[in-house]
Amino acid sequence: MMRQYELVDRVRKYNPNADEDLLNRAYVYAMKAHGAQKRASGDPYFTHPLEVAAILTDLKLDDATIVAAVLHDTIEDTSSTREEIDQLFGRDIGALVDGLTKLKKLDLVSKRAEQAENFRKLLLAIADDVRVLVVKLADRLHNMRTLHFVPPEKRKRIAEETLDIYAPLAGRMGMQNMRDELENLCFKTLMPEACAMIEARLADLRQKNGALIAKIEDELREALVARGIVADVKGREKAPYSVWKKMERKSIAFEQLSDIFGFRLLVSSTEDCYRCIGVIHTKWPFVPGRFKDYISTPKQNDYRSLHTTVVGPGRQRVELQVRTQEMHDIAEYGIAAHALYKDGRANDTDALSRESRAYRWLRRTIDLLSEGDSPEEFLEHTKLELFHDQVFCFSPKGRLIALPRGATPIDFAYAVHTDVGNNAVGAKINGRIAPLLSELQNGDEVEIAVAEGQVPPAAWETLVVTGKARAAIRRATRDAVRSQYAGLGRQIVTRAFERAKKTFSDEKLKGALPRLARQSIDDVLAAVGRGEMFSGDVVKAVHPDFKEERKANAGVHKANAGMRKADTGWFGLKKAASLVFKVPGAEGPPDAHAIPIRGLGGDLPVSFAPNGGAVPGDRIVGILTPGEGITIYPIQSPALMDFDDQPERWLDVRWDIDEDRRDFFPARLTVTAINEPGTLGMIATVIGDAGANIDHIAFISHSPDFRDIVLDVEVLDLAHLNAIISQLKAKPVVSKVERVNG
Ligand code: MN
């Protein structure tokens with residue numbers, strides 16, 4: 001295990017102003033926190049964060065990053081808390097460790113290859129400080145290096161995830177060395193035979209070409225020295241996984257690969273880079289089309305170099321890369337190296353200002369990460385700006401779902417599946433029950449509770465943020481309303497058939513669909529329920545002999561209507577004669593033909609007479625209003641006369657009141673009272689004490705002394721209403737109380 005002083009020495013080697021005390025405190029704190037914990041290898045757990053820190057010292061990272069690496073598993077795996085870290089090491093380090101804790105939670109989630117891109121975005125969205133990602137990559141590298149201690153099933157999953165997510169992320173961060181090592185470790189784990197084969201071929205080639213390589217190296221050095229250029233010439237071998245990928249991609253044999261060996265020349269200035277290329281091109285013929293100037297046009301990840309391929313000794317093609325030390329470090333270490341070079345003064349003694357510059361740069365680099373090499377990638381990743389407007393959440397099975405910021409569990413449910421959204425009744429976020437309308441955060445695991453046969457509340461439509469959820473909710477509410485109409489239509493049609501003494505079945509109705517010019521039974525029933533089609537027409541379409549009976553009915557009704565006009569009291573309407581009342585004290589026999597009315601919010605589209613209402617205990621008639629469903633009128637309502645010439649709209653209805661559910665029904669009263677202060681308060685008190693509601697009040701003044709007060713009230717039933725009327729009449733200031741029927 002790395003000793004405390006070794007860690008400090010490693011950091012001081014590249015940063016003489018390192019905060020020794022901070023590093024020492026972190027070492028001791030993490031060692032104590034992890035205590036006796038062991039790794040799969042049997043080593044003390046604490047060796048892991050130390051090794052991660054060591055990897056980062058190779059990348060010459062700042063104190064805060066090194067300390068965060070030492071502490072990176074404390075919050076998740078020990079009793080340490082964010083507050084404690086903040087207190088002991090400052091908020092900056094606290095935030096880094098917290099970011100790493102959040103990322104660690106994601107390790108528990110399965111990440112399928114097709115989700116890899118989204119997952120990388122999630123990493124970027126969560127890690128708002130790029131140093132968190134650098135530590136995460138080092139953490140993953142050390143875990144990959146020690147992967148052979150882990151059980152085989154787990155090994156494969158970790159390697160796949162590394163290859164899908166972390167290796168490309170390292171590449172995008174310009175950390176080529178990190179990427180190569182991660183890829184090769186994955187290659188060894190996932191395809192051991194292929195990896196061994198390539199490694200053997202490489203070793204073979206190395207041996208065979210050894211003399212040739214040395215010869216080229218010598219000739220190069222000689223030619224450069226002759227021109228006064230100091231260059232560090234290094235042979236370079238393609239990594240096994242890169243070789244494999246290229247063989248796969250181009251489906252070519254190992255022998256056909258021309259760029260397995262190459263040379264890298266490090267020179268001291270940009271100018272020398274170009275001079276170097278001049279010397280090489282003079283000495284050997286270059287392969288046309290292979291010269292690339294990434295110095296004047298750097299790659300998106302800031303990679304700079306000159307590339308060329310020449311035909312060297314023995315007609316061997318040789319690839320060459322020419323760059324300065326700074327360009328080299330940036331190519332190898334990417335983001336990490338930028339911290340040292342961005343201001344062009346790697347040996348700045350003012351550590352603090354360098355650190356803050358580096359930090360600023362690192363933050364800015366988050367943007368750079370979103371850019372790829374190809375134009376498509378570039379376009380795709382400029383969209384990544386958007387991911388500050390996105391949240392990424394998981395299903396309990398590890399499915400990653402990207403949603404716009406502000407999204408709720410309802411949006412999540414609809415993103416999973418429309419049925420899940422429609423049937424959603426509750427949600428758990430990270431294992432805790434949460435309201436369906438909470439705002440989701442990055443990395444939340446969301447579980448939706450469903451119940452069959454739900455209809456999403458229409459109000460959700462305005463509360464969700466995704467178009468998919470909004471459209472689905474609109475469709476579901478529309479379907480629910482339609483099925484209400486179809487339900488009403490079915491009741492109306494069934495009763496029309498019964499009255500006509502004909503049998504009704506869906507089968508028979510199906511046969512009549514062409515005559516009714518409708519597509520389905522539901523279309524017909526909904527049309528009847530909406531009042532767009534008359535039940536008589538449906539009977540007639542199924543049984544053409546129905547015509548006469550219908551005329552007869554209309555005649556009876558007309559006669560009734562005439563009688564009614566002569567009669568000033570209760571109307572002896574035949575239609576109403578069959579009404580039943582389940583309300584206590586109501587009269588009349590039950591009638592199977594009548595449609596049961598429960599009140600508002602039931603499964604039928606019901607409303608009550610707009611000018612006066614209707615309450616249980618009233619004898620009632622239903623009028624079918626196109627597009628609105630049934631309107632219930634008390635039988636004494638004069639408004640019914642308006643429908644005398646439309647017998648098709650009259651429906652037999654009956655109250656079907658659930659005694660356990662205390663629903664309220666609308667009624668209107670006119671109270672004539674003395675015009676004096678306190679009258680209105682007295683009336684309101686009487687109604688309130690009776691347990692009724694006042695919905696609306698209007699005044700009509702006839703004289704200075706009296707006025708009429710029009711009250712829309714909500715009561716339980718007729719008895720309740722009559723009790724209120726009696727109590728109002730008992731008050732001295734009240735001269736008259738009348739029920740209004742519109
Ligand atoms: Mn770790």
Checked region 44-85 for anything open to solvent by 10 Å² or more (accessible area, probe 1.4 Å), within 18 Å of V8 (Cα to Cα) and assigned to a loop (DSSP other than H, G, I, E, B); matches are L59, K60, D62
Of the residues in region 634-656, those that are open to solvent by less than 40 Å² (accessible area, probe 1.4 Å) and assigned to a loop (DSSP other than H, G, I, E, B) number 5
For residues that are under 15 Å from R131 (Cα atoms) and either within 11 Å of the ligand (Cβ to nearest atom) or in contact with a Leu (Cβ under 7 Å, 6 or more places away or on another chain) (or both), tally how many sit in region 50-65. 7
Kindly indicate which of A541, A517, A554 is of a type in the set (A, V, I, L, M) and modelled with pLDDT under 85. A554
So D689, is it at pLDDT 90 or above and surrounded by fewer than 12 Cβ atoms within 10 Å (Cβ to Cβ): yes
At pLDDT below 90, surrounded by 15 or more Cβ atoms within 10 Å (Cβ to Cβ) and under 26 Å from G228 (Cβ atoms): which single residue out of G334, G312 fits that description? G312
Output the residues belonging to region 717-739 that are touching a Gly at 6+ places or on another chain (Cβ under 9 Å) and either at pLDDT 90 or above or assigned to a helix (DSSP H, G or I) (or both). D717, L718, A719, H720, L721, N722, R739
Can you confirm whether F187 is aromatic (F, W, Y) and either open to solvent by 50 Å² or more (accessible area, probe 1.4 Å) or in contact with a strand residue (DSSP E or B) (Cβ under 6 Å, 6 or more places away or on another chain) (or both)? no
Restricting attention to region 664-677, which residues are assigned to a loop (DSSP other than H, G, I, E, B) and either assigned by TED's automatic domain parsing to the domain that holds G487 or modelled with pLDDT of 85 or more (or both)? F664
Quick test for you: out of D204, D259, D272, pick the one residue that is open to solvent by less than 30 Å² (accessible area, probe 1.4 Å), charged (D, E, K, R) and without any contact (Cβ under 8 Å) to a residue 60 or more places away in the chain. D272
Checking the condition of a type in the set (K, R), more than 16 Å from the ligand (Cβ to nearest atom) and surrounded by 23 or more Cβ atoms within 10 Å (Cβ to Cβ), which residue from R179, R157 passes? R179
Might you let me know whether region 210-222 holds any residue that is surrounded by fewer than 20 Cβ atoms within 10 Å (Cβ to Cβ), under 18 Å from D180 (Cβ atoms) and without any contact (Cβ under 8 Å) to a residue 60 or more places away in the chain? no
Pair list, Cβ under 7 Å, 6 or more apart: region 36-49 residue farther than 19 Å from L137 by Cα, other residue among the polar types (S, T, N, Q): S41/T146
Contact list, first residue from region 91-109 and polar (S, T, N, Q), second anywhere and at pLDDT 85 or above and away from the ligand (no atom under 11 Å from the Cβ), beta-carbon distance below 8 Å, six or more apart or interchain, is T101/I75; T101/R82
Inspect all residues belonging to region 614-633 and state whether any of them is assigned to a loop (DSSP other than H, G, I, E, B) and of a type in the set (S, T, Y). no
Looking at R323 and the list (1) at pLDDT below 70; (2) of a type outside the set (G, A, S); (3) outside any loop (DSSP other than H, G, I, E, B), which single condition is not satisfied? (1)
Does V493 qualify as being modelled with pLDDT of 85 or more and under 27 Å from I623 (Cβ atoms)? yes
Which pairs turn up if I take residues in region 663-678 that are farther than 17 Å from V740 by Cα and look for partners that are open to solvent by 10 Å² or more (accessible area, probe 1.4 Å) and assigned to a strand (DSSP E or B) with beta carbon separation below 7 Å, at least 6 apart in sequence or on another chain? F664/N693; F664/E714; I674/F706; N675/F706; N675/R707
Restricting attention to region 238-260, report how many residues are under 19 Å from C186 (Cβ atoms) and not in a helix (DSSP H, G or I). 2
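Conditions tested, residue by residue: (1) at pLDDT below 90; (2) of a type in the set (D, E); (3) over 26 Å from G443 (Cα atoms); (4) not assigned by TED's automatic domain parsing to the domain that holds R179.
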position	(1), (2), (3), (4)
N15	yes, no, yes, no
E20	no, yes, yes, no
N24	no, no, yes, no
A40	yes, no, yes, no
D62	yes, yes, yes, no
I66	no, no, no, no
D73	no, yes, no, no
V97	no, no, no, no
K102	yes, no, no, no
From the list A95, A36, A40, A26, pick out the single residue that is of a type outside the set (S, T, Y), more than 16 Å from the ligand (Cβ to nearest atom) and either touching a helix residue (DSSP H, G or I) at 6+ places or on another chain (Cβ under 7 Å) or assigned to a loop (DSSP other than H, G, I, E, B) (or both). A36
Using the structure shown, decide if Y166 is at pLDDT below 90 and either touching a Lys or Arg at 6+ places or on another chain (Cβ under 8 Å) or in a helix (DSSP H, G or I) (or both). yes
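The values are calculated or read from the model by the stated rules, or taken from the named source; none is laboratory data. This is a predicted model, so every value here is computed, not measured. Virtual Cβ from ideal backbone geometry, glycine too; neighbours counted across all protein chains shown. Please note that ligands, DNA and RNA were not included when accessible areas were found on the heavy atoms of the full protein model with its side chains. Shrake-Rupley method; radii C 1.70, N 1.55, O 1.52, S 1.80 Å.
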